[in-house]
Amino acid sequence: MSSSTGQTSRLAEIDERLEQVRADLVAFADQGDLDEEQAERFDALEAELAELEAEREPLARRAATLDRVRAAIQGGPRAVEADRGPDLISQRRDPFADLAQVRTGMVPVSDLRARALTAIEQAPDYVPDDQREQATRLVERGDRHGRIARHMLLTGSPAYERAFEAVLTGEEVWALAPEEQDALRQAREHHRSVNIGTDAQGGYLVPFYVDPTIIVLGDGVVNPLRQISRVVSITTNTWHGITRTGIEVEWLAEAEEATGTQPTYGRPEIPTHKAGAWITATFEAAQDTTITSQIGGLLAEAKAEEEAEVFAVGTGTGQPTGVVTAVAAVASSVVDTAGAGTYEVGDVYALRGALPPRYRSNSVWLGNDQIFLATRQFAGGAGPSHAFWADLGVATPSQLLGRPVYESSVMADEVTAGANILMLGDFSRYVIVDRIGMTVQHEPLVKGTNQRPTGEMGWFAHWRVGADVVDANAFRLLQVAA
């Protein structure tokens, strides 16, 4: 290993550890007086932070210098300082230049993000504008460390697209053009580095502009939970969050000592789970169509349909935890219907009244269309039952008791004992975690039951996603009483 490679690797290690140390220190915010063990932990983290920052400074300076020198050798000066802004950088460079430096962390985050935005603009014509906007928001709002931008650059070049299509139709890697081989090699090395403790195992990362872990087709139509929930993207295996209970306020007399109640901090973790899909196509179809765009669309549709189910009623065992599953497990968040085996207008009001006030302003309804049809019938007669459902002229009214309405086709559609038929809650407390990067592995010869060729080739795609509720008190679930 060369000294520059060793320095780059160490710089990446330091950045990773700095992120964790800073997160651990933030967890001490607003805690007031620390006990002896907490104070020792804080001091140790503070000392480690100082040491890491001191070690990082010369490594980062050398990396920036090497970056400028290499750029000058390859064709002119580069703007790498963050304060020069992304527009200047993106105007001066091919976003896919120097992929080895992109992969090894030699490119500043500001440059990575600027290049990624340019790469999004240069994506193939078949990528719709709304998908480009989704990718742009992901880079601008959710990529502070440049990891998603790096992934986009390593899987978005025209050379990588050509190489990806070639290997997925059975062409040998050695037969590719040199620039295509290089793009494929850099993406493979990136794939190995982000698969902690594992190899890429022969798979190839899907180009980012057709990757369903980045581009969500039909967002909010097939799967409304992605529209109303909190969605985060990571490049690791598990999402780590921080929660905190509220601070109690007290009224004090002059010179009276405060009780000093402290909020309670939590560190919820949401693991990602692997999902897979198998696709086949005839040799003729593979030869006559654009494989990249076809596979991307098929996988996005299959992924959205599956996630619509698991995000609602997933078990949490080997798959994401559904919001209904998680809330149903917390007795205080479940509201029984007034009558056994029945659903009446008063149950809607009871569910609305049971949601704590702090969550009401951001709450929405979730239920099956059949339950909403039954609910709509409550508005048919005279008296108070007609007033709570808005926009009666449309198929499904947009608001129920003043809050938005969303359909989940996998929630219970019949009023039977024990069925979870309606939910109201603040879905920002339900977190969906996307691990960036979908992998596709090619099977050049599909065989039938007699182990003879069928004239088809196949592709196995797999990705990782997780989801769970981080605050069950933000939801109320209507359950039919037995």
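Computed packing ranks the peptides 139-151, 271-283 as 139-151, 271-283, most packed first, by mean other Cβ atoms within 10 Å. At 0.36 nm per residue, and after removing the present C-alpha to C-alpha distance, how many nm does the segment from F42 to D94 gain when stretched out fully? Here the answer is 14.3 nm. Our Cα-only numbers for the stretch 433-482 put the radius of gyration and Dmax at 21.4, 57 Å.
For N450 and T280, the FRET efficiency from 1/(1 + (r/R0)^6), where r spans their Cβ atoms and R0 equals 22 Å, is about 0.85.
Each 5 Å bin from 0 upward holds the following percent of the Cα-Cα pairs of the stretch 96-166: 3, 18, 29, 24, 17, 8, 1.
Taking all protein chains as present, what is the carbon and sulfur share of the accessible area of the stretch 327-371, in % to the nearest whole number, probe 1.4 Å?
Details: 1020 of 1980 Å².
C and S atoms contribute 51 percent here.
Tally Lys and Arg at +1 and Asp and Glu at -1 over the other residues with C-beta under 10 Å from the C-beta of G367: what net charge comes out?
Details: positive: none; negative: D369, E407, D413.
With Lys, Arg at +1 and Asp, Glu at -1, the neighbours total -3.
Surface analysis of the stretch 286-345 yields an accessible area of 43 Å² per residue, using protein heavy atoms and a 1.4 Å probe. Expressed as a whole percent, the accessible surface of the stretch 95-210 that belongs to carbon and sulfur atoms is 48, based on a 1.4 Å probe.
Quick check: residue separation of R61 and S428 times 0.36 nm, minus the Cα distance between them. What number comes out in nm?
128.1 nm
A simple count of charges around P207, restricted to other residues whose Cβ falls under 11 Å of its Cβ and scoring Lys, Arg +1 and Asp, Glu -1, yields -2. Net charge around G458, counting only other residues with Cβ within less than 13 Å of its Cβ (Lys, Arg = +1; Asp, Glu = -1)? Surrounding charge for G458 is -1.
Taking 0.36 nm per residue of separation and subtracting the Cα-Cα distance, what length does fully extending R137 through E254 add? Don't skip to the answer; put the middle values down first.
On the way: separation 117, 0.36 × 117 = 42.12 nm, distance 5.15 nm.
That pair, R137 and E254, stretches by 37.0 nm at full extension.
The values are calculated or read from the model by the stated rules, or taken from the named source; none is laboratory data. This one's a predicted model, so the numbers in the text were calculated from it and none came from an experiment. As a convention, Cβ positions derive from the backbone with ideal geometry for all residues, glycine included, and neighbour counts pool all protein chains shown. We work out accessible area using only protein heavy atoms, side chains counted, and drop any ligands, DNA or RNA first. Shrake-Rupley method; radii C 1.70, N 1.55, O 1.52, S 1.80 Å.
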